[in-house]
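The values are calculated or read from the model by the stated rules, or taken from the named source; none is laboratory data. Quantities reported herein were computed from a predicted structural model and do not represent experimental measurements. FYI the Cβ positions are ideal-geometry reconstructions off the backbone, even for glycines, and counts take in every protein chain you see. For the accessible areas, the whole protein counts, side chains as well, though only heavy atoms, and no ligand, DNA or RNA atoms are used. Shrake-Rupley method; radii C 1.70, N 1.55, O 1.52, S 1.80 Å.
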Amino acid sequence: MFRVVLLVGALMAAQRFDEELTAYDRLLARAPQAFDALYNRGVILSQRAAIQSQKGLFEEALASLDQAAL
C-alpha cells in the first residue's frame, strides 16, 4: 500500500488525475474501506473539477477580449 501512496503522490504532483483515480480504484478494489484512498479520491475529483472550471473562465476571458478587439 505504501508504494501505491508514493505513486499517487507523484501522479498528483504532475496533475495526472485520470491515472491517480485508476490507482485509487485499484487500491479500493482490495481495501474498500481505506479512508485515505476514499478521501484522496474525493480530493482529486474536486481538483479536477476546479481546473475545468478555471479553464472555462480563462476561455471566457479570451473570448471577451476577442469581442472587444472587433
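Screening Gly9 with (1) at pLDDT 85 or above; (2) surrounded by 10 or more Cβ atoms within 10 Å (Cβ to Cβ) gives one miss only, at (1). Here Gln33, Gln52 are screened, and the one residue that is of a type in the set (S, T, N, Q), open to solvent by 70 Å² or more (accessible area, probe 1.4 Å), modelled with pLDDT of 75 or more and part of a helix (DSSP H, G or I) is Gln52.
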